[in-house]
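Here's the structure, in structure tokens; my notes come after.
The values are calculated or read from the model by the stated rules, or taken from the named source; none is laboratory data. No experiment lies behind these values; they were computed from the predicted model shown. Ideal geometry is used to build each Cβ from the backbone, glycine not excepted, and the neighbour counts take in all protein chains shown. Accessible surface areas use protein heavy atoms only, side chains included; no ligands, DNA or RNA. Shrake-Rupley method; radii C 1.70, N 1.55, O 1.52, S 1.80 Å.
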Amino acid sequence: MCGMTFRWTEHRFAGGALALDVANSVILRSDAARSVDRFAVAGQIATFAEAATRLGAERERFPPLVAPDEERRPVLFDLREAIDDYFRSSIADGGEDDGKLAQFLFACGAALRMFPKAEHLANATAHSALSLLADEPRQRLRICGNCGWLFIDRSKNRSRIWCDMAVCGNRQKASRHYHRTKETRS
């Protein structure tokens, strides 16, 4: 799947923060056989940066974003993995792992040193990730019950379980309906 290109639709920015949308660029992360890295094709990072500028939840916070050149792309990949690893484990375990926090902070620092300007995707991603450490957004971080993406639950009662009701919520509801109907017929 390395040569595959993707359209960056509004659903792809359901995380609610640039850092989470970057982390969510790996589809089906928990299933190694079906996992797809949407950044595997170099041009996809540039189209992601353009789409994040138009569609991302933090689009007002950052200037138009530009992708890193090929030589410095590993810094963005390291940052993406550190964001996912740290926040996913803190949500799932309900606690903090100092080793993962250290890796997360190191990756953020490396991105900020390598990309000192706000328009760089890695710089904006690091700033977005660091802002998620504040209590309010951190308490609202969730893992989608359908696709496994990270997202911020901005619902009033903090009970959202899907990153996007129109996509993941509908898929789950349709699946439950299908299985109930199938059981009734049996």
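Listed values, structure above:
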{"read-out": "Qualifying residues in the stretch 34-51 (those that are in contact with a Lys or Arg (Cβ under 8 Å, 6 or more places away or on another chain) and open to solvent by 40 Å² or more (accessible area, probe 1.4 Å)) - the one farthest from F77 (Cα to Cα)", "value": "S35"}
{"read-out": "Residues being at pLDDT below 95 and in contact with a strand residue (DSSP E or B) (Cβ under 8 Å, 6 or more places away or on another chain) - total across the stretch 15-33", "value": "2"}
{"read-out": "Filter pass, S159 being open to solvent by less than 60 Å² (accessible area, probe 1.4 Å) and either more than 30 Å from R72 (Cα to Cα) or in contact with a Pro (Cβ under 8 Å, 6 or more places away or on another chain) (or both)", "value": "no"}
{"read-out": "Only listed residue being part of a helix (DSSP H, G or I), farther than 15 Å from G148 by Cα, under 16 Å from the mean Cα position of the chain (by Cα) and small (G, A, S), chosen from A57, A92, A40, A49", "value": "A49"}
{"read-out": "Hey, D84 among the acidic types (D, E), within 28 Å of I45 (Cβ to Cβ), modelled with pLDDT of 95 or more and open to solvent by 70 Å² or more (accessible area, probe 1.4 Å) or not", "value": "no"}
{"read-out": "Matching residues, the stretch 2-26, being outside any loop (DSSP other than H, G, I, E, B) and not acidic (D, E)", "value": "H11, R12, F13, L18, A19, L20, V22, A23, V26"}
{"read-out": "Of all residues making up the stretch 156-186, the number that are more than 24 Å from I27 (Cβ to Cβ) and modelled with pLDDT of 60 or more", "value": "11"}
{"read-out": "Qualifying position, being open to solvent by 20 Å² or more (accessible area, probe 1.4 Å), under 20 Å from T9 (Cβ atoms), over 17 Å from the mean Cα position of the chain (by Cα) and not hydroxyl-bearing (S, T, Y), among P64, P116", "value": "P64"}
{"read-out": "Qualifying residue in the stretch 26-33 (condition: closer than 17 Å to C163 by Cα and of a type in the set (V, I, T))", "value": "yes"}
{"read-out": "So R72, is it at pLDDT below 95, more than 16 Å from the chain's Cα centre (by Cα) and either among the hydroxyl-bearing types (S, T, Y) or open to solvent by 40 Å² or more (accessible area, probe 1.4 Å) (or both)", "value": "no"}
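Residues checked against (1) open to solvent by 70 Å² or more (accessible area, probe 1.4 Å); (2) in contact with a Pro (Cβ under 8 Å, 6 or more places away or on another chain); (3) under 26 Å from E136 (Cα atoms):
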position: A14; (1), (2), (3): no, no, yes
position: L20; (1), (2), (3): no, no, yes
position: S30; (1), (2), (3): yes, no, no
position: R59; (1), (2), (3): yes, no, yes
position: F106; (1), (2), (3): yes, no, yes
